[in-house]
Amino acid sequence: MIHLEQLNLIPEQFPNQDAYPFNLAIFQKMRRLQFKEPVTFFVGENGTGKSTLLRALAIKSGIHIWEDKTRTRLETNHFKDDLYKTVDLSWAKGVVPGSFFGSQIFQHFAQMLDEWAKTDPGMLEYFGGQSLMTQSHGQSLMSFFSSRYQLKGIYYLDEPETALSPKSQIQLLKLIYQHGFSGEAQFVIASHSPILLACPGATIYSFDDIPVKTMQYEDTAYYRVYKDFLENREHFLADIENLD
């Protein structure tokens, strides 16, 4: 199900053309992205802006990002989290609830859930009936995914394959496909996983291209590198051994 139909980026409203992320050519050239399928992937090398845009979309969608605000850090870029202020979203039938997933953010959420469960133990029933902190990281992630994505909403995921085994990634792929194409969930995902990117019918946007463009699964760098390695493992290992 498609809830979010389009994002419009307004470069004329950028507060600073020289500071990250507004200095990225990909944002200076971008005007809109359309979401025509229930599952959309952002792919590209680190630093291309895909995670930054994903976060901006979540904030603009009114989604709270569970971050540990108690940690202090030296803030040198006052514009780092301001991209959402220059984004406009078009919804099919109005804004829907949802969530933002990131590995570090999930850890903080799991800790907060334990605190809430001290006064309301029933909250854990939504996540498999036990504390997410008592499960392995991979198990806790799958418990969260399995329960959360049954609900109608828009879900932003930043590299969800982190800490998931290939088998668990296949499980997540099944959940995404099932709840996206047969349920009431919409997913926008930044990922490096060739397993997740294989989702049938999904749109893949490449952030390695300026402006952003769609690409086929077999044309992604992740598919080609993994396929090349698995088919020519001896060649890669020979190069490694020659470094000695």
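Computed from the coordinates by the stated procedures, all read-outs in this text should not be read as laboratory data. Quick caveat: nothing in here was measured; it's all calculated off a predicted structure. Cβ placement follows ideal geometry from the backbone for every residue including glycine, while neighbour counts extend to all protein chains displayed.
Here segment 203-244 is treated as a sphere whose radius is the Kirkwood value from Cα pairs; by Stokes-Einstein at 20 °C and 1.002 mPa s it diffuses with a coefficient of 177 µm²/s. Building the convex hull from the alpha-carbon atoms of segment 172-244 and averaging its projection over directions returns 6.6 nm². Please give me the summed charge of the neighbours of Gly47: other residues whose Cβ is under 15 Å from its Cβ, Lys and Arg +1, Asp and Glu -1. Summing Lys and Arg as +1 and Asp and Glu as -1 gives -2.
Computed packing ranks the peptides 10-20, 174-184, 37-47, 90-100 as 37-47, 174-184, 90-100, 10-20, most packed first, by mean other Cβ atoms within 10 Å.
For the residue pairs Lys36/Lys93; Lys50/Lys152; Lys60/Lys93; Lys50/Lys227; Lys29/Lys50; Lys174/Lys227, alpha carbon separations beyond 20 Å are given by Lys50/Lys152; Lys50/Lys227; Lys174/Lys227.
Around Phe41, which amide H atoms from residues at least 5 apart in sequence, or from another chain, sit under 5 Å from its own amide H, with H modelled in the peptide plane? Under 5 Å from the amide H of Phe41: Ile189, Thr203, Ile204, Tyr205. For segment 150-178, the residues whose amide N sits under 18 Å from a probe point set 7 Å from the Cα of Tyr84 along the beta carbon direction are 153-159.
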